[in-house]
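Colleague: The structure is given below, and queries will be raised subsequently.
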Amino acid sequence: MKSPASAKAGSIRIPKLVLAALLGTALAIVAAPFLTCSRARAQQITVGTSSGAPRIKIAVTEFQPQSTDANLTSLTQEFNSVLWNDLDNAGIFDLVSRSFYPVKPPIAPADVVFDQWANPPVSTQMLAYGKTEILNQNLVVTAYLYDVKNPGNPSVLAKRYVATLDEISTRQVAHTFANEIVQTLGGGLPGIALTKIAFVSKRTGHDEIYVMDYDGFNQHPITSYGSLSLTPRWSPDNSKLAFTSYVSGNPEILIYSMLSHHLLPFPKYPGLNVTPAWSPDGKKIAFCSSLGGDPEIYVSNADGSGLQRLTFSPTVDISPVWNPKTGAEIAFVSDRSGSPQIYIMNSDGSNLRRLITGGGDASEPAWSPDAQFMAFEWRVSETGTYDAYLIDIASGQITQLTHDAGRNEHPTWSPDGRHLVFESTRGGSREVWMMLANGSNPKQLTTQGENWNPNWSN
Amino acid sequence: MRERKRSVELLVTVLGLLLLLGACNHQKKVVAPPPPPPPPPPPAAPVCTLTAEPTTIETGQSATLNWSSQNATDLDLEPGGGKVQASGTQSVTPNESTTYTLTVTGPGGNSSCTARVTVTAPPPPPPPPPPPPGPSEQELFNQNMKTAYFDFDKSDIRPDAQTALQSDADFLKQHPDIKFTFEGNCDERGSEEYNLGLGQRRADAAKKFLVDSGISGDNISTISYGKDRPVCTDHNEQCWQQNRNAKPAWGTESQPAAPPQQ
């Protein structure tokens, strides 16, 4: 095991943390000849259907509170629970069951006995451990990630986080450390533990826009209009939510600032105005409007100027989504063939082509962040059920993600492209669920009333 | 026995003489003093009559009191008359049934007579004009306007929807001022978002049928609720059919103006 002094001599990765305070010299961040084995594995892990690469084994110990303070004990339990769930949700780890762990978990590098972790029964590659304490009325979490199969140079992360003594801050610290681990071991893609999900909830009896943490915690309303508010969409910088509300009596697109908590100006058009979609640079909004007589795709600048009509079919044209990589294409739903199907056009309306050539009803397309895949919902035949599917756009290969479990609709992507959030009736009521992008590891996120049309922050 | 008979005969004779004597004395007394003047006869008591004509009036009408008197120096008609002449008439308009009393006073004393005027309530006002025949326009609208139903994933007007909408058009021609909204709805199948568009198409298709039938489009608004407002929540075709509709609803929401088209 290297001493902190020698670790300092290595290349130091400076984490970009919002909440975290770097420990600095005392707790050196050891990145060293950075984990060539893990990195190589991480690069095999890609999005979508090819996520069958071997997962990284990780043991996540319970961090140990350094006093018997009741508040510290409670917050530490919260921290341990959130960190475990975040790493379990990440989709790139195989978490080793705690029942195999040595009785006394380490709290500092000197406590780590490598053989206890690297050999059976634990047999882990990675070990996350640390301690919590109260210093100057703050929660201080000291957190380590060790590569126990590399005892000569084990330290991957050493972090110290300072936060206020409350549940929300404690959860943020756990999310932040989880994100660090995911980004470090997962090929450089940022973790999703601090992301949010917007959705529609009918828990009050009206359709309102809600936002929650990605893990279902902290569900709270954005609107309280007592009307219909639908189809929320995060702006690329997460500073705004565009959605539709019937609060004026007519369905109109509203843009809500998550920073000022006020509505930003956007024109009011007659008829149906729904499914706003931000261009990847955040400068334009594509949406469906029947202002010209029937539902068509329009695009305008985000302030409403420069309105332009993109589709010209006397049928339903709705649910536009931008190619998130290029911004040069827009996918949307049209029933011009007689039933709803997914089409792609250039963002000026030209070069229209149909994406899904099978029959049935295909709708609610969602482009993966790397633009390789389109998630969508599909009912292949009139007697079938609605399920979530993926299509590899280049090859046309289609993969069914959900099976035999109620209606599974409106899949949309997490920013890391490893997850989908969707609505499902598999538990009886229509609720928001998430799963890995290969359809595994489904987790229910909402339970109160009906909840649907989720949209993941970026 | 004989002696007793004789004494009775003697008593009868004496009494007869006494009677005769008495008669002579009475004759002597009448003739003697001159008779005093007879005392004045006592003054006659006042009398009166009081009548009302008619005796029954309605509120607001008048009656005439008619009176006369004898042997009266002072006549008081109450209520309302005060001192009055020995005979006369007076018109009265009591608001309620009233007993009039004429009190007459004279040297012979006083007396009174009464007459009652009964006041009846006026007849009830004529019944108000009957309410306008039948229900309000909104009630008629709700009773008469028919919902158009659609096939799955379709907004085409089926023959049965044509019949319903033609009936709507006939009704609206009789009620050209009615403004209303076609609410487009869908069954639970299919995506939330696509159904918002489909509901709009259904509402617009129903509106277009009426406009083509001569109804003013200015009076018809449209809105889509997608699959958010099902009237039936079972999961079968019978229920789904009920939910695939364009339903007329009273009233309109003001719409923003359309921007100039590019």
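The values are calculated or read from the model by the stated rules, or taken from the named source; none is laboratory data. Keep in mind the model is a prediction, meaning the values are calculated, not measured. Because the Cβ atoms are built from the backbone with ideal geometry, glycine has one as well, and the counts that use them run over all protein chains shown.
Colleague: Could you grab me the full set of residues in the range A:283-319 that are closer than 17 Å to residue A:269 by Cβ, at the interface with another protein chain (Cβ under 10 Å from one of its Cβ atoms), outside any loop (DSSP other than H, G, I, E, B) and under 31 Å from the mean Cα position of the chain (by Cα)?
Modeller: A:288, A:289, A:296, A:298, A:300, A:317, A:318
Colleague: Could you say which residue among A:439, A:406 is over 24 Å from residue A:238 (Cβ atoms) and touching a Leu at 6+ places or on another chain (Cβ under 6 Å)? Give the steps one after another, and end with the answer.
Modeller: Details: A:406 fails: touching a Leu at 6+ places or on another chain (Cβ under 6 Å).
Matching residue, one of A:439, A:406: A:439.
Colleague: Which residues, taken from the range A:328-348, are more than 9 Å from chain B (Cβ to nearest Cβ), surrounded by fewer than 16 Cβ atoms within 10 Å (Cβ to Cβ) and assigned to a loop (DSSP other than H, G, I, E, B)?
Modeller: A:328, A:337, A:348 - these are the residues of the range A:328-348 that are more than 9 Å from chain B (Cβ to nearest Cβ), surrounded by fewer than 16 Cβ atoms within 10 Å (Cβ to Cβ) and assigned to a loop (DSSP other than H, G, I, E, B).
Colleague: Next question, about the same structure. Could you run through the range A:234-276 and say how many residues are of a type in the set (S, T, N, Q) and either within 14 Å of chain B (Cβ to nearest Cβ) or not in a loop (DSSP other than H, G, I, E, B) (or both)?
Modeller: Residues in the range A:234-276 being of a type in the set (S, T, N, Q) and either within 14 Å of chain B (Cβ to nearest Cβ) or not in a loop (DSSP other than H, G, I, E, B) (or both): 7 in total.
Colleague: Restricting attention to the range B:59-84, and to residues there that are out of contact with any Asp or Glu (no Cβ under 9 Å at 6 or more places or on another chain) and of a type in the set (A, V, I, L, M, F, W, C), which single residue is farthest from residue B:119 (Cα to Cα)?
Modeller: Quick first cut of the range B:59-84, residues out of contact with any Asp or Glu (no Cβ under 9 Å at 6 or more places or on another chain) only: B:60-62, B:67-81.
Among the residues that remain, those that are also of a type in the set (A, V, I, L, M, F, W, C) are: B:67, B:72, B:75, B:77.
Working: B:67: 20, B:72: 30, B:75: 25, B:77: 19 Å.
In this case the residue turns out to be B:72.
Colleague: Taking the conditions exactly as written (of a type in the set (Gly, Ala, Ser), at pLDDT 85 or above and within 30 Å of residue B:181 (Cβ to Cβ)), does residue B:148 satisfy them or not?
Modeller: Values: of a type in the set (Gly, Ala, Ser): yes; at pLDDT 85 or above: yes; within 30 Å of residue B:181 (Cβ to Cβ): yes.
In short, yes.
Colleague: Sticking with this structure for a sec: Can you confirm whether residue A:156 is part of a loop (DSSP other than H, G, I, E, B), among the hydrophobic types (A, V, I, L, M, F, W, C), under 20 Å from residue A:105 (Cα atoms) and at pLDDT 95 or above? Working first, answer last.
Modeller: Numbers: part of a loop (DSSP other than H, G, I, E, B): no; among the hydrophobic types (A, V, I, L, M, F, W, C): yes; under 20 Å from residue A:105 (Cα atoms): yes; at pLDDT 95 or above: yes.
Judged against the criteria, residue A:156 is not a match.
Colleague: How many residues, within the range A:412-458, are away from chain B (no Cβ under 14 Å) and not in a strand (DSSP E or B)?
Modeller: Of the residues in that region, 19 qualify.
Colleague: For the range A:80-138: of the residues being basic (Lys, Arg) and surrounded by 14 or more Cβ atoms within 10 Å (Cβ to Cβ), which is nearest to residue A:180 (Cα to Cα)?
Modeller: Just the residues of the range A:80-138 that are basic (Lys, Arg), to begin with: A:98, A:104, A:131.
Among the residues that remain, those that are also surrounded by 14 or more Cβ atoms within 10 Å (Cβ to Cβ) are: A:98, A:131.
Numbers: A:98: 21, A:131: 17 Å.
Ranking the qualifying residues of the range A:80-138, first place goes to A:131.
Colleague: Among the residues of the range B:237-246, are any charged (D, E, K, R), surrounded by 19 or more Cβ atoms within 10 Å (Cβ to Cβ), at the interface with chain A (Cβ under 9 Å from one of its Cβ atoms) and under 26 Å from residue A:387 (Cα atoms)? Write out each step before concluding.
Modeller: Pass one, the range B:237-246, residues charged (D, E, K, R): B:237, B:244.
Among the residues that remain, those that are also surrounded by 19 or more Cβ atoms within 10 Å (Cβ to Cβ) are: B:244.
Pick out the ones that are also at the interface with chain A (Cβ under 9 Å from one of its Cβ atoms) and you get none.
Scanning the range B:237-246 turns up no residue that is charged (D, E, K, R), surrounded by 19 or more Cβ atoms within 10 Å (Cβ to Cβ), at the interface with chain A (Cβ under 9 Å from one of its Cβ atoms) and under 26 Å from residue A:387 (Cα atoms).
Colleague: Now for a different question. Give the residues of the range A:159-214 that are farther than 30 Å from residue A:69 by Cα, surrounded by fewer than 22 Cβ atoms within 10 Å (Cβ to Cβ), more than 12 Å from the chain's Cα centre (by Cα) and charged (D, E, K, R), sorted by residue number.
Modeller: If the condition is that a residue be farther than 30 Å from residue A:69 by Cα, surrounded by fewer than 22 Cβ atoms within 10 Å (Cβ to Cβ), more than 12 Å from the chain's Cα centre (by Cα) and charged (D, E, K, R), then A:202, A:203 are the ones that fit.
Colleague: For the range A:196-233, name all the residues that are acidic (Asp, Glu) and either within 21 Å of residue A:364 (Cα to Cα) or within 14 Å of another protein chain (Cβ to nearest Cβ) (or both).
Modeller: From the range A:196-233, those acidic (Asp, Glu) are A:207-208, A:213, A:215; that's our starting set.
Correct list: A:207, A:208.
Let's see how each residue does on (1) within 29 Å of residue A:217 (Cα to Cα); (2) of a type in the set (Asp, Glu):
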site	(1), (2)
A:77	yes, no
A:103	no, no
A:111	no, yes
A:117	no, no
A:122	no, no
A:127	yes, no
A:139	yes, no
A:162	yes, no
A:165	yes, no
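One line per residue, one yes/no per condition, for (1) within 21 Å of residue A:107 (Cα to Cα); (2) outside any helix (DSSP H, G or I); (3) acidic (Asp, Glu):
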residue	(1), (2), (3)
A:139	yes, yes, no
A:143	yes, yes, no
A:151	yes, yes, no
A:180	yes, no, yes
A:204	no, yes, no
A:210	no, yes, no
A:217	no, yes, no
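Colleague: Is it the case that residue B:138 is touching a strand residue (DSSP E or B) at 6+ places or on another chain (Cβ under 6 Å) and closer than 30 Å to residue B:247 by Cβ? Give the steps one after another, and end with the answer.
Modeller: On the way: touching a strand residue (DSSP E or B) at 6+ places or on another chain (Cβ under 6 Å): yes; closer than 30 Å to residue B:247 by Cβ: yes.
Answer is yes for this residue.
Colleague: Can you spot a residue in the range A:389-398 that is among the charged types (D, E, K, R) and either crowded, with 24+ Cβ neighbours inside 10 Å or under 27 Å from residue B:227 (Cα atoms) (or both)?
Modeller: In the first step, residues of the range A:389-398 are kept if they are among the charged types (D, E, K, R); the result is A:392.
Checking the rest, the ones that are also either crowded, with 24+ Cβ neighbours inside 10 Å or under 27 Å from residue B:227 (Cα atoms) (or both) come to none.
No: zero hits.
Colleague: Output the residues belonging to the range B:177-200 that are farther than 24 Å from residue A:385 by Cα and among the basic types (Lys, Arg).
Modeller: B:179
Colleague: If you don't mind, another one. Grab the helices (runs of 4 or more DSSP H) fully contained in the range B:119-217, keeping just those with 2 or more residues being surrounded by 19 or more Cβ atoms within 10 Å (Cβ to Cβ) and away from chain A (no Cβ under 14 Å). Working first, answer last.
Modeller: Working: elements: B:137-144, B:159-174, B:192-212.
Because the criterion is at least 2 residues that are surrounded by 19 or more Cβ atoms within 10 Å (Cβ to Cβ) and away from chain A (no Cβ under 14 Å), the helices (runs of 4 or more DSSP H) in the range B:119-217 that meet it are B:159-174, B:192-212.
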